Amino acid sequence: MTLYELKPRFQAWLRPMVQDLAQRGVTANQVTLAAAAGSLTVGVLAALGMLVAETPALFLLFPLWLFLRMALNAIDGMLAREHGQQSVLGAYLNELGDIVSDLALILPLAALPGFSLGQVGTFALLAVIVEAAGLIGPQVGASRRYDGPLGKSDRAFAVGAIALWAGLGLRFGAAASWLWLLLSLLSLFTIANRVRRGIAEAKARSAE
């Protein structure tokens with residue numbers, strides 16, 4: 001069970017808004033680019049706030065932005081599928097935009113007290129590999145894999161929780177190293193799940 005499984009309900013809630021956006025001429029690619037640009041902006045602002053002013057308060061933007069980013073990701077997909085806006089360029093922008101957004105929101109956490117670039121960078125790298133493992137599915141005859149336990153939505157929840165805790169001025173203390181170790185192990189487990197289930201799906205399809 002991952003947060004991704006709640007996506008249909010979230011989409012149903014957003015559908016009236018998506019219909020209005022489509023009527024106004026908003027495109028899926030515009031929404032995708034806005035999500036990536038917003039992530040870069042929020043990430044840079046938070047990192048600068050910590051490095052220049054030594055205040056973590058701007059990390060309080062993360063939970064709010066991550067929820068908005070989740071909405072934007074759902075909206076661009078619905079515009080593409082339900083309003084005839086699917087394109088090859090859109091597929092590239094969607095996947096690359098997600099990776100850029102993830103890196104833009106994960107790496108600034110290394111500026112927080114108690115965290116190291118090595119710990120945060122390892123998790124960021126694993127996040128990219130998690131998504132790559134999902135993307136390989138169609139190349140081997142399977143579907144795009146979204147298996148957990150630490151997919152995109154779950155990763156965003158974890159990053160948002162860490163940023164909220166830090167933004168409130170709270171410290172992680174000795175738990176900092178264990179936190180990143182746990183998240184990295186969950187990422188490795190997610191990679192293994194996507195590879196294993198992708199292979200199983202491809203074999204099942206070829207046997208039909």
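The values are calculated or read from the model by the stated rules, or taken from the named source; none is laboratory data. Model, not experiment: these values are computed from the prediction. Positions of Cβ are generated from backbone atoms using ideal geometry, with glycine treated the same way; all protein chains shown enter the neighbour counts.
For the reader, a short list of remarks on this structure follows.
Every residue, every condition in (1) farther than 24 Å from Leu6 by Cα; (2) exposed (fewer than 13 other Cβ atoms within 10 Å of the Cβ); (3) in contact with an Asp or Glu (Cβ under 6 Å, 6 or more places away or on another chain), yes or no:
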residue	(1), (2), (3)
Leu89	yes, yes, no
Leu112	yes, no, no
Phe115	yes, no, no
Gly137	no, no, no
Asp154	no, no, no
Val159	no, no, no
Leu164	no, no, no
Phe189	no, no, no
Arg194	no, no, yes
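- Exactly one residue among Gly121, Gly49 is surrounded by fewer than 21 Cβ atoms within 10 Å (Cβ to Cβ), within 18 Å of the chain's Cα centre (by Cα) and within 23 Å of Gly173 (Cα to Cα), and that residue is Gly121.
- Qualifying residue in the range 21-40 (condition: touching a Lys or Arg at 6+ places or on another chain (Cβ under 8 Å), of a type in the set (Ser, Thr, Tyr), closer than 21 Å to Asp154 by Cα and surrounded by fewer than 16 Cβ atoms within 10 Å (Cβ to Cβ)): no
- Scan of the range 150-181 for residues that are among the basic types (Lys, Arg) and in contact (Cβ under 8 Å) with a residue 60 or more places away in the chain, ordered by number: Lys152
- Selection count, the range 37-59, where residues are of a type in the set (S, T, N, Q) and in contact with a Phe, Trp or Tyr (Cβ under 8 Å, 6 or more places away or on another chain): 1
- So Leu45, is it more than 26 Å from Gly134 (Cβ to Cβ), at pLDDT 95 or above, assigned to a helix (DSSP H, G or I) and touching a Leu at 6+ places or on another chain (Cβ under 7 Å): yes
- The residue that is modelled with the lowest pLDDT, among those in the range 1-37 that are more than 14 Å from the chain's Cα centre (by Cα) and in a loop (DSSP other than H, G, I, E, B), is Met1.
- Residue match in the range 90-113 (condition: in a loop (DSSP other than H, G, I, E, B) and within 27 Å of Phe189 (Cα to Cα)): yes
- Residue that is farthest from Thr27 (Cα to Cα), among those in the range 76-85 that are in a loop (DSSP other than H, G, I, E, B) and in contact (Cβ under 8 Å) with a residue 40 or more places away in the chain: His83
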